Amino acid sequence: MLSGLPGGAGVNIAHEAVDRHAAGPLQHRTAFRWIGESGDVQELTYGRLAALTSRFANGLAALGIERGDRVFACADRIPELYIAAIGALKHGAVFCPLFSAFGPEPLYQRLERGDARALLTTGRIYRRKIAPLLPRLPRLQHVILADAAAEGTIAYPRFLDAAPDVYTIAPTDPEDPALLHFTSGTSGMPKGALHVHGAVVAHYATGAHVLDLRDGDLFWCTADPGWVTGTIYGLITPLVMGVTSIIDAGPFDAVRWMRLLSEQGVTVWYTSPSAIRRLMRLPPGAVRKEDFRRLRHILSVGEPLPPDAVAWGREVLDRTIHDTWWQTETGAIMVANVPGRPVRPGSMGMPIPGVTATVLQEGEAGAVGVVQDPETAGELGLAVGWPSMFRAYLGEPERYERCFSGGWYRSGDLVRRDADGYFWFVGRKDDIIKTSGQMVGPFEVERLLLSHPSVADAGVIGKPDAMLGESVKAFVVLKSGIRPDDESRRELIAFSRKNLGAAIAPREIEFISSIPRNRAGKVMRRLLKARETGGAAGDTSTLAE
Ligand code: AMP
């Protein structure tokens, strides 16, 4: 159960995640165990985590960071990132993680739109990506470097050493903002979804009933905290549940991952279809079932989990992989295969208790209605009011309002529901790209390409890819006089990687003579996709020429 702040002073995620455990019998339990690429291990107990996060909160107070100010982090999976997150929540600041593989342009967009006041990062990221942005970010006053010293920044060890390790969390209303997560849209730049402290009720409920976390579990969520799954289920929820988590600090490596699962004795494992697809390529015999005796529960999120992945789990790990569905805006798992209910391979399960999900279709004048017939595809809608629902898109009230209709939140995902109430993912309603489980907004990539002096026009789509789910592909119209050759292609790919980072940059560029746009000037990515996949182009009546 959750406890609430002492004296009825409200609810604060950091208290539920760390302080209440540190004050009780769990204080000596390991909260996190970081495992480096070479096998080096670092651990923090709940008690130590409470002290370090209190220091961080006191440090923020000393810098003049106030409640509601935004504290960002951009780092690999290092302990300092986890300490900064909980420390910021303790202090009542809003924590926002940024994926460390982003290039300078996506970092700038998010730091600027999120009005960052403080940032924790590493020396390497600072030198290569952040320092050049600082003249454009006058409101970012404090940069804390976890592992280095540089002029004009704060060294993390000094920051912590100077601060007391006791911090009393101020009264926190469940509606006080806590977390900011940027997510991609198809039109416009990334949206900042704002979440509140009261969301911890949903973290707890899903931690108990979907992840099935129990006393003594060893949990592993493989997502990076730069993405919402890595923050909510890789950082907050296991702490709220008082279990021990392992964190693989190194990059993905199929053989090492399998070894970690067995050697560490992981009991509950939350991963993704893109990771499973890569593990499925391991030679048969590389994995022995008996190594996974302690593994009790496996879950997946981020993309559809195909039936062959479920079959692989049963064959190789002797366990059924449970698909779960949610998104940045929902703040916690909403639809899931829960333990005890039979899994239908390929289905994402049913709405969890307390969540009402339905299939919506647009009727006259944009009004939405509920689809009654089973097996009819429509938009996945959720009845408004669950505790972890996002409360705003930062600075974009109209964009937020457009997500709701008739008491339903409209997810943008297309699904169907079978006669027994199981939900099946059909696709996205919009052009958002999911590559390796990560959302990429095509607009953000198109905008960068258009800033290159050789580019006259650009359209970006997700191209079906056996390993990545989708890969980012750009169609480019070059300015007259520029040759559509390999050199131009290499130049544009390098330019994209440098500015956007490898996670977002297109892997493939095709030169074409014009980009299909509608009369309002919007790229008709549907037509580019049809060209790529040989599919039907659909309605072309709004094409400009
Ligand atoms: P994000 O906000 O980055 O977490 O991405 C959320 C999106 O990922 C959803 O709107 C879906 O399109 C997709 N997604 C998440 N979980 C699943 C799932 N279990 N099956 C299919 N798609 C999923």
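The values are calculated or read from the model by the stated rules, or taken from the named source; none is laboratory data. Model, not experiment: these values are computed from the prediction. Positions of Cβ are backbone-derived with ideal geometry, glycine not excepted, and every protein chain shown enters the neighbour counts. Keep in mind that these areas ignore ligands, DNA and RNA; they rest on the heavy atoms of the full protein, side chains included. Shrake-Rupley method; radii C 1.70, N 1.55, O 1.52, S 1.80 Å.
Could you check segment 414-445 and list, in sequence order, the residues that are in a loop (DSSP other than H, G, I, E, B), within 17 Å of the chain's Cα centre (by Cα) and either more than 9 Å from the ligand (Cβ to nearest atom) or surrounded by fewer than 19 Cβ atoms within 10 Å (Cβ to Cβ) (or both)?
Residues of segment 414-445 in a loop (DSSP other than H, G, I, E, B): 418-422, 429-432, 436-437, 441.
With within 17 Å of the chain's Cα centre (by Cα) added as a condition, the list becomes 432, 436-437, 441.
Of everything in segment 414-445, those that are in a loop (DSSP other than H, G, I, E, B), within 17 Å of the chain's Cα centre (by Cα) and either more than 9 Å from the ligand (Cβ to nearest atom) or surrounded by fewer than 19 Cβ atoms within 10 Å (Cβ to Cβ) (or both) turn out to be SER436, GLY441.
Go through segment 381-413 and give me each residue that's of a type in the set (A, V, I, L, M, F, W, C), within 19 Å of ASP115 (Cβ to Cβ) and assigned to a strand (DSSP E or B).
Across segment 381-413, the qualifying residue is only ALA392.
At pLDDT 95 or above and among the basic types (Lys, Arg) - does that describe any residue in segment 512-535?
no
If you check TRP326, TRP312, which single one turns out to be away from the ligand (no atom under 16 Å from the Cβ) and within 19 Å of GLY469 (Cα to Cα)?
None of the other options fit; the residue is TRP312.
Please verify whether PRO353 is open to solvent by 50 Å² or more (accessible area, probe 1.4 Å), touching a residue at least 40 places away in the same chain (Cβ under 8 Å) and away from the ligand (no atom under 15 Å from the Cβ), treating the condition exactly as stated.
yes
Among the listed residues TRP220, TRP257, TRP269, identify the single one that is away from the ligand (no atom under 16 Å from the Cβ), in a strand (DSSP E or B) and in contact (Cβ under 8 Å) with a residue 24 or more places away in the chain.
Answer to the selection: TRP220.
Mind checking whether some residue in segment 270-281 is under 23 Å from LEU2 (Cα atoms) and buried (at least 21 other Cβ atoms within 10 Å of the Cβ)?
Yes, the conditions are met somewhere in segment 270-281.
If you check ASP176 against the conditions, is it more than 16 Å from the ligand (Cβ to nearest atom) and either acidic (Asp, Glu) or more than 21 Å from HIS91 (Cα to Cα) (or both)?
Answer is yes for this residue.
So SER514 ticks every box in (1) free of Cβ contacts under 8 Å to residues at least 40 places away in the same chain; (2) surrounded by fewer than 16 Cβ atoms within 10 Å (Cβ to Cβ); (3) not aliphatic (A, V, I, L, M) but one. Which box is left unticked?
(1)
Assuming ASP373 fulfils every condition listed in (1) within 16 Å of the ligand (Cβ to nearest atom); (2) assigned to a loop (DSSP other than H, G, I, E, B); (3) farther than 30 Å from HIS197 by Cβ apart from one, which condition is it?
Evaluating ASP373 over (1) within 16 Å of the ligand (Cβ to nearest atom); (2) assigned to a loop (DSSP other than H, G, I, E, B); (3) farther than 30 Å from HIS197 by Cβ leaves (1) as the failure.
Collect the residues in segment 477-499 that are in contact with a His (Cβ under 9 Å, 6 or more places away or on another chain) and either closer than 16 Å to ASP457 by Cβ or of a type in the set (A, V, I, L, M, F, W, C) (or both), keeping them in residue-number order.
Across segment 477-499, the qualifying residues are LEU492, PHE495, SER496.
Given the structure, is GLU43 in contact (Cβ under 8 Å) with a residue 24 or more places away in the chain, open to solvent by 30 Å² or more (accessible area, probe 1.4 Å) and farther than 26 Å from ALA170 by Cα?
no
Within segment 465-484, which residues are under 21 Å from the mean Cα position of the chain (by Cα) and either free of Cβ contacts under 8 Å to residues at least 24 places away in the same chain or in a strand (DSSP E or B) (or both)?
Within segment 465-484, ASP465, GLY469, GLU470, SER471, VAL472 meet the criteria.
Do any strands (runs of 3 or more DSSP E) lying entirely in segment 8-76 carry at least 3 residues that are assigned by TED's automatic domain parsing to the domain that holds ARG117 and under 26 Å from GLY198 (Cβ atoms), and which ones are they?
70-74
Quick check on segment 453-461. Is at least one of its residues out of contact with any strand residue (DSSP E or B) (no Cβ under 7 Å at 6 or more places or on another chain), within 16 Å of the ligand (Cβ to nearest atom), closer than 30 Å to ALA309 by Cα and open to solvent by less than 70 Å² (accessible area, probe 1.4 Å)?
no
Going through GLU491, GLU532 one at a time, which residue ends up being outside any strand (DSSP E or B), buried (at least 16 other Cβ atoms within 10 Å of the Cβ) and not basic (Lys, Arg)?
GLU532
Check SER411 against each of (1) within 13 Å of the ligand (Cβ to nearest atom); (2) surrounded by fewer than 17 Cβ atoms within 10 Å (Cβ to Cβ) and name the one condition it does not meet.
(2)
When you scan segment 89-108, do you find a residue that is more than 19 Å from the chain's Cα centre (by Cα), within 19 Å of THR231 (Cα to Cα) and open to solvent by 10 Å² or more (accessible area, probe 1.4 Å), even just one?
yes
Taking the condition of being open to solvent by less than 10 Å² (accessible area, probe 1.4 Å) and over 18 Å from ILE232 (Cα atoms), how many residues in segment 298-329 meet it?
Qualifying residue count, segment 298-329: 6.
Go through segment 185-216 and report how many residues are touching a residue at least 60 places away in the same chain (Cβ under 8 Å), among the small types (Gly, Ala, Ser) and either open to solvent by 10 Å² or more (accessible area, probe 1.4 Å) or under 23 Å from PRO238 (Cβ atoms) (or both). Spell out the reasoning first.
Step one: filter segment 185-216 for residues touching a residue at least 60 places away in the same chain (Cβ under 8 Å), giving 185-206, 209-212.
So of that shortlist, the ones also among the small types (Gly, Ala, Ser) come out as 185, 187-188, 192-193, 198-199, 202, 205.
Retained after the next criterion (residues that are either open to solvent by 10 Å² or more (accessible area, probe 1.4 Å) or under 23 Å from PRO238 (Cβ atoms) (or both)): 187-188, 193, 198-199, 202, 205.
The number of residues fulfilling the criteria is 7.
Name the residue, out of THR237, THR231, THR244, that is in contact with a Ser or Thr (Cβ under 8 Å, 6 or more places away or on another chain), within 16 Å of the ligand (Cβ to nearest atom), modelled with pLDDT of 95 or more and β-branched (Val, Ile, Thr).
Selected residue: THR237, the only one of THR237, THR231, THR244 that is in contact with a Ser or Thr (Cβ under 8 Å, 6 or more places away or on another chain), within 16 Å of the ligand (Cβ to nearest atom), modelled with pLDDT of 95 or more and β-branched (Val, Ile, Thr).
Could you look through segment 333-349, keep only residues that are touching a Phe, Trp or Tyr at 6+ places or on another chain (Cβ under 6 Å) and not β-branched (Val, Ile, Thr), and pick out the one that is surrounded by the most Cβ atoms within 10 Å (Cβ to Cβ)?
Applying the filter and picking the extreme gives MET334.
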